[in-house]
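The values are calculated or read from the model by the stated rules, or taken from the named source; none is laboratory data. This is a predicted model, so every value here is computed, not measured. FYI the Cβ positions are ideal-geometry reconstructions off the backbone, even for glycines, and counts take in every protein chain you see.
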């Protein structure tokens, strides 16, 4: 079995690189959704949500960079065009969302789908003992699960 400089099997690493690029594309769409709801949010919860959405898009921007750097570390090339992002996107695109509940629902739905992609990557990276990818996916998953829980708690409060 041929291995890369990290000691990971080349063929399996290429599959993980492809999955990471799908995750990268979806995170870029998630980021743009967050920017849009940050800019367009209206209503009595504006001040709280405006700040929260900024916190989330700043966090997603850091994760985007981490994903791209992991692709590079594994020997791949991170996707970096809008054409690639749209081609690989699996998330709903939130356009002109100004309602607080619709915005939070979009976040929950997006994070839920990102978790599915991350768990697929985690499963594949675990099979080849790719601890770098495992660690990153585990961190993302635990943070996003907590964010979903908090967003759902907020939604229950507003009903």
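The figures follow:
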{"item": "One residue from 102, 52 being surrounded by 16 or more Cβ atoms within 10 Å (Cβ to Cβ), more than 14 Å from the chain's Cα centre (by Cα), without any contact (Cβ under 8 Å) to a residue 40 or more places away in the chain and more than 19 Å from residue 119 (Cα to Cα)", "result": "52"}
{"item": "Qualifying residue in region 132-141 (condition: more than 15 Å from residue 30 (Cα to Cα), modelled with pLDDT of 95 or more and in contact with a strand residue (DSSP E or B) (Cβ under 7 Å, 6 or more places away or on another chain))", "result": "no"}
{"item": "Qualifying position, being touching a helix residue (DSSP H, G or I) at 6+ places or on another chain (Cβ under 9 Å) and over 21 Å from residue 137 (Cβ atoms), among 103, 68", "result": "103"}
{"item": "Residues located in region 57-77, provided they are free of Cβ contacts under 8 Å to residues at least 12 places away in the same chain and assigned to a loop (DSSP other than H, G, I, E, B)", "result": "77"}
{"item": "Check on residue 44, assigned to a loop (DSSP other than H, G, I, E, B), more than 14 Å from the chain's Cα centre (by Cα) and free of Cβ contacts under 8 Å to residues at least 40 places away in the same chain", "result": "yes"}
{"item": "All positions within region 120-131 that are assigned to a helix (DSSP H, G or I) and surrounded by fewer than 14 Cβ atoms within 10 Å (Cβ to Cβ)", "result": "123, 127, 131"}
{"item": "Complete set of residues in region 87-107 that are within 22 Å of residue 149 (Cβ to Cβ) and assigned to a helix (DSSP H, G or I)", "result": "100, 101, 102, 103, 104, 105, 106, 107"}
{"item": "Some residue of region 78-86 being surrounded by fewer than 17 Cβ atoms within 10 Å (Cβ to Cβ), at pLDDT 95 or above, in contact with a helix residue (DSSP H, G or I) (Cβ under 7 Å, 6 or more places away or on another chain) and not in a loop (DSSP other than H, G, I, E, B)", "result": "yes"}
{"item": "Sole exception among (1) exposed (fewer than 12 other Cβ atoms within 10 Å of the Cβ); (2) closer than 18 Å to residue 86 by Cα for residue 34, by number", "result": "(1)"}
